[in-house]
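**Student:** Please find one structure pasted underneath; my questions will follow.
No value in this document is a laboratory result; all are computed from the given coordinates. Treat the numbers as computed from the prediction; the structure is a model and nothing was measured. Here Cβ is always computed from backbone atoms with ideal geometry, including for glycine, and neighbour counts include all displayed protein chains.
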Amino acid sequence: QVRLVESGGGLVQAGDSLRLSCAASGRTFSIYGMGWFRQAPGKERESVAAISSRGIYTLYADSIKGRFTISRDDAKNTVYLQMNSLQTEDTAVYYCAGERRGLATMRAPDYDYWGQGTQVTVSS
């Protein structure tokens, strides 16, 4: 089974930047589509960004207003989420997800593998 482990979360102030990392096990990482989701207390999980195999296509949620960038380094089996101009409404647990068909998708049911999440807290 593929394992995904997120890191890089923490406590920051509004306006700061943070980079999340997701390290994947297995030798077939390069063919997976990858995505980032987030969930705040009392709210539903929402898609943040997605990237296809080989990084050909990317998708972003309207809610992030162009502030985030998803990227991948297949040699390191790692996907990243660069988050700039963080605001209090970005506070959530951020989850990494993998999709074996290699698609960039923002639909949670499309994903086959999930990490345990990393907490991002933004104070004003």
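**Student:** Ranked from highest to lowest mean number of other Cβ atoms within 10 Å per residue, what is the order of the peptides 55-65, 14-24? Before the final figure, lay out each step's value.
**Tutor:** Details: 55-65: 13.9, 14-24: 17.1.
The packing order, highest mean first, is 14-24, 55-65.
**Student:** Taking a label point 7 Å from the Cα of SER7 along the Cα→Cβ vector, which residues of segment 79-113 have an amide N closer than 18 Å to it?
**Tutor:** Output list for this probe position: 79-83, 94-97.
**Student:** Just the number, please: Stokes-Einstein D of segment 7-91 in µm²/s, Kirkwood Rh from C-alpha pairs, 20 °C, 1.002 mPa s. Mind showing how you got there, number by number?
**Tutor:** Numbers: Rh = 13.6 Å.
Result for D is 158 µm²/s.
**Student:** Here is a follow-up. How do the peptides 34-40, 68-74 rank, highest first, by the average count of neighbouring beta carbon atoms within 10 Å per residue? Write down the numbers at each step before the final one.
**Tutor:** Details: 34-40: 23.1, 68-74: 17.6.
Packing proxy ranking, top to bottom: 34-40, 68-74.
**Student:** Please report the net charge: other residues with Cβ closer than 10 Å to the Cβ of LEU81, K and R +1, D and E -1. Could the numbers behind the result be given before it?
**Tutor:** Details: positive: ARG19, ARG38; negative: GLU6.
Taking every other residue near LEU81 into account, the sum is +1.
**Student:** Still on this structure, I have one more. Can you tally the net charge around GLY33? Count Lys and Arg as +1, Asp and Glu as -1, for every other residue whose Cβ sits under 12 Å from the Cβ of GLY33. Numbers along the way, then the final one.
**Tutor:** Values: positive: ARG54, ARG72, ARG100, ARG101, ARG107; negative: GLU99, ASP110, ASP112.
Spelling it out: positives minus negatives among the neighbours equals +2.
**Student:** Nothing charged except the Cβ atoms of Lys and Arg (+1) and of Asp and Glu (-1): what's the magnitude of the dipole of the chain about its Cα centre? Round to the nearest 20 debye. Please report the intermediate quantities before stating the final value.
**Tutor:** On the way: 14 positive and 12 negative charges, 64 e Å.
My answer is approximately 300 debye.
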